[in-house]
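Here's the structure, in structure tokens; my notes come after.
A short reminder: the numbers here are calculations on the coordinates, not readings from a lab. In this text, all values refer to a predicted model and were calculated from it rather than measured experimentally.
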């Protein structure tokens, strides 16, 4: 396997976004996360930011 230093890693966990099952690192798997690229806090149960 060749390294790919240009691959995006949104949450900085050293797992490229293409293979990362939790791209934003909020603890919700992408398939269950309505906002898989937004880790803003606080989050609702769907993984999206709570807007006051």
Gained length - residue 15 relative to residue 44, 0.36 nm times residue gap less alpha-carbon distance: 8.0 nm
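Using alpha-carbon pairs under 8 Å, 6+ residues apart, how would you state the relative contact order of the chain in percent? Provide the component values of the computation, followed by the final result.
On the way: 64 pairs, mean separation 11.0, N = 52.
Relative contact order for the chain comes out at 21 percent.
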√(5λ) per eigenvalue of the Cα gyration tensor, the chain, largest first, Å: 24, 10, 7
Residue among 24, 38, 13 with the largest mean-square fluctuation in a Gaussian network model of the chain, springs linking Cα atoms under 10 Å: 13
